[in-house]
1. Would you check if Tyr574 is in contact with a Lys or Arg (Cβ under 9 Å, 6 or more places away or on another chain) and either surrounded by fewer than 23 Cβ atoms within 10 Å (Cβ to Cβ) or of a type in the set (Phe, Trp, Tyr) (or both)?
2. Residues being touching a helix residue (DSSP H, G or I) at 6+ places or on another chain (Cβ under 6 Å), in a helix (DSSP H, G or I) and open to solvent by less than 60 Å² (accessible area, probe 1.4 Å): count how many of those fall in the stretch 577-591.
3. Inspect all residues belonging to the stretch 142-153 and state whether any of them is polar (S, T, N, Q), within 38 Å of the chain's Cα centre (by Cα) and at pLDDT 90 or above.
4. Can you tell me which condition Lys102 does not meet? The list is (1) more than 15 Å from Pro54 (Cβ to Cβ); (2) of a type in the set (D, E, K, R); (3) in a loop (DSSP other than H, G, I, E, B), and all the others hold.
5. Output the residues belonging to the stretch 71-101 that are more than 14 Å from Asn19 (Cα to Cα) and small (Gly, Ala, Ser).
6. Restricting to the stretch 20-47, name every residue that is in contact with an Asp or Glu (Cβ under 7 Å, 6 or more places away or on another chain) and either open to solvent by 60 Å² or more (accessible area, probe 1.4 Å) or aliphatic (A, V, I, L, M) (or both).
Amino acid sequence: MSSIIEGYSYDIFISYRQNDNKYDGWVTEFVDNLNKELEATIKDKVSVYFDINPHDGLLETHSVDLSLEVKLKCLIFIPVISQTYCDSKSFAWQHEFCAFNKLAKEDLLGRDIRLSSGNVASRILPVKIHDLDPEDKSLLEDELGGVLRSIEFIYKSAGVNRPLRANEDHPHDNLNKTYYRDQINKVANAVKEIINTIRKPNQPIIADPKEGIKAKIRSSRSLKTKILVGSLLVFALMVFGYLFIPMLIASSNQVEKSIAVLPFINDSPDQENTYFINGLMDEILNNLQKIKDFRVLSRTSTEQYRGSNKPRIPKIAKELGVNYIVEGSGQKYGNTFRLRVQLIAANNEKHLWAKSYEQEIKETKDIFNIQSQIAQSIASELKAAITPDEKRRIEKTPTTNLTAYDFYQRGREEISQLWFSKFDQDKLKRAETLFHKTLEYDSTFAQAYTGLAEVLWDRWWRDQSLLGNNNLDKYLDSMQVLADIALSFDDQLAKAYYIKGECYSVKGSAKQAIEEWGKAIRYNPNDWNTYWLIGGIYEELDLVKALENLEKAASLNHGQELVGILTTIGRDYYWAGFPEKGKNYFLEALQLDGDSAKYKDNLIRNTAETQGNFKKAAEFYETRYSTDSTNPDLLVRLGYYNSLISNYHESLKYYKKYVSIGKSKGETNPELNRYTHIGFAYLQNGYRNEAEYYFDKQIEAYNNRLTSVRPGERIYCVYPLAAVYACMGDKTKACENLEIFNQNPSFTLQWVMLLKNDPQFNSIRNEPKFQRILKDVEAKYQAEHERVRKWLEEKGEH
């Protein structure tokens, strides 16, 4: 059934979650009643699209109905907002709500229309059947870009939060004092008003008689005049295009609201107050990062410009790839502080905004209000959109206790110093003590709990040789507890969700990690580290998502970590079958760090592993071995590549030296993924007992680890297991593990090349099962390569 407006498929599209219709058919009854009300309210027949069996959960392999976009081309979209509707993993949210929001913004009518009354109405008309959790409300408002306005069908009483029924038993007990029949009428009237407004432009109404006269005069113009005017117009447009379009294009490049906050200068006579000035800078930076309309670089990107010898603003902006610079200076004396902040346009060093503040500190809001004002003033100057939820987060006061805040700032300064200098256990201990002091004065200060969680992570991560992997679970559990406590006091604290994601990731729960990191990005859309971690988790699952997130991380971090990010992106492009793009990223990394040896290493290794040129790799590392014969990583690569070219004697020589050097350092076992290769080298040289020792270690190690690895990392466990069994002659178990390996949803090119060339599988290479698995792996890689190609094409990069 078509719409009453030409070019649209339906007048109304009803979107809902299937579970909201299962219990008592509430949605079906709502649609029936709405149809009756529309018949009594609107003269024309209004078409309503309502799927009685909608899609619900969104699976990795879910194929979206190609006709859905046609059905979504409607005048009004009515989502039934429930306790489960706001779920980014659901079909209704992703492929209906978000899809219509995007579609409506781009079509001729626009998503928001001005009514005859002068008010503005959205073509998204939410019907709400439950009071929402804060995070769901935030998700909705972030997508809508404003405050949620809905027609509510909610029955509310003590302990009750359910949909309002058409026939209530005790309607007067409803605390909301709403009646079903009235609410249905409100929906119908809203629909009528929107449809009438949309139809008005098509009515041939001439409000001013003079316009009729003008129309007649225009229609009587001669053809010659029309041609002359048209020719002049075309000529003028050509001149305009030639002279001004390049300028418009050039200026549009400057439109991006990209900002770098340079280290603030401490003008205090006492350098002891540096922590306070840095704290002000950090909070202003954090507030700017909460605004999605901005691209704000990390503090790790700008710390390099601390000091008096920093280059001029245009050079800094060019190096960082930003259009705006924020500078500041301040001093603290006694209980008063002064602060001056300015916003500078990078291209011409024009000061767009500047303000000085002097404030006696009587309570914490004296500090937080100024920090909030600065972020909002900068947003206003750059005409950035701030959603109501972003505004609330920026204006939030995390603690009302001045002493607690002072201890917290001192603790943050100790943690920050760990980013920019050699690791120092004493700084970590001081940070821990200061965060505990913070909580003594304010036990509800959420950021102090995430600070303690960071201390735990750094303590384990920086000194694993002392603590050992066996302590990891204890640390992870403590970190999660601290993050949960923080969220109980501030459920929009991005750092807490980041920490929870980190814990789930290490424990092997990729899905939960991505969910938590998604929340972290919702509340801080400029956190490079979160995008970096998400990119890493997707590398063996979905290369497009991996590259999207890694490139986002690179756009937000121009500090010392950027070389590693660029190198990872380059490697992923090699894995996707785009070596030229990969090489370009390696070149970018080389331009930053000037490390030509690392650049050559990246080229050789990735070329070998994705094009099968193992001999060239072995020769390259042989030349490096002559000047660096005790490098463990070099010995491992020589052992590995010599094995792949069947040079088993040389392979064993290098592996034995690698193990010997490890033992001399007190390392009793090699790294986990190297047992199989060492065992295979022994086996090929006739040392079966030694080979079986390493094979047994491989089986034991991976069987213990298989239950806790992330989905994308599972292939790194089962592939060596399959290789062990193939070497030992157990074809059945070898193929069983390769079948598990083959369950991965996608594969990158290096797996195809390895499976084709790995001599560890020579005993089963001609088996039908092995050949089928090889074909599957190759087909999955080809599909992944094509997905990346299309993605690059959409971006105009291929």
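1. Values: in contact with a Lys or Arg (Cβ under 9 Å, 6 or more places away or on another chain): yes; either surrounded by fewer than 23 Cβ atoms within 10 Å (Cβ to Cβ) or of a type in the set (Phe, Trp, Tyr) (or both): yes.
When the stated conditions are applied, Tyr574 passes them.
2. Step one: of the stretch 577-591, the residues touching a helix residue (DSSP H, G or I) at 6+ places or on another chain (Cβ under 6 Å) are 577, 581-582, 585-586, 588-590.
Now drop any that are not in a helix (DSSP H, G or I), which leaves 581-582, 585-586, 588-590.
Filter again for open to solvent by less than 60 Å² (accessible area, probe 1.4 Å), leaving 581-582, 585-586, 589-590.
Number of matching residues: 6.
3. We begin by selecting, within the stretch 142-153, every residue polar (S, T, N, Q); these are 150.
Narrowing the set further to residues that are within 38 Å of the chain's Cα centre (by Cα) leaves 150.
Of the ones still in play, those that are also at pLDDT 90 or above are 150.
Taking every residue of the stretch 142-153 in turn, at least one turns out to be polar (S, T, N, Q), within 38 Å of the chain's Cα centre (by Cα) and at pLDDT 90 or above.
4. Single failed check for Lys102: (3).
5. If the condition is that a residue be more than 14 Å from Asn19 (Cα to Cα) and small (Gly, Ala, Ser), then Ser88, Ala99 are the ones that fit.
6. We begin by selecting, within the stretch 20-47, every residue in contact with an Asp or Glu (Cβ under 7 Å, 6 or more places away or on another chain); these are 26-27, 46-47.
Residues satisfying the conditions are Val27, Val46.
A quick yes/no check of all residues on (1) out of contact with any helix residue (DSSP H, G or I) (no Cβ under 9 Å at 6 or more places or on another chain); (2) surrounded by 20 or more Cβ atoms within 10 Å (Cβ to Cβ); (3) part of a strand (DSSP E or B):
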position: Glu349; (1), (2), (3): no, no, no
position: Leu352; (1), (2), (3): no, no, yes
position: Glu363; (1), (2), (3): no, no, no
position: Ile367; (1), (2), (3): no, yes, no
position: Ile374; (1), (2), (3): no, yes, no
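Residue-wise test of (1) open to solvent by less than 10 Å² (accessible area, probe 1.4 Å); (2) more than 19 Å from Ser555 (Cα to Cα); (3) among the hydrophobic types (A, V, I, L, M, F, W, C).
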| residue | (1), (2), (3) |
| --- | --- |
| Ala496 | yes, yes, yes |
| Gly508 | no, yes, no |
| Gly518 | no, no, no |
| Pro525 | no, no, no |
| Asn529 | no, no, no |
| Glu539 | no, no, no |
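The values are calculated or read from the model by the stated rules, or taken from the named source; none is laboratory data. Model, not experiment: these values are computed from the prediction. In this analysis, Cβ positions are derived from the backbone assuming ideal geometry, glycine residues included, and neighbour counts consider all displayed protein chains. Protein only, heavy atoms only, side chains kept; ligands, DNA and RNA dropped before computing areas. Shrake-Rupley method; radii C 1.70, N 1.55, O 1.52, S 1.80 Å.
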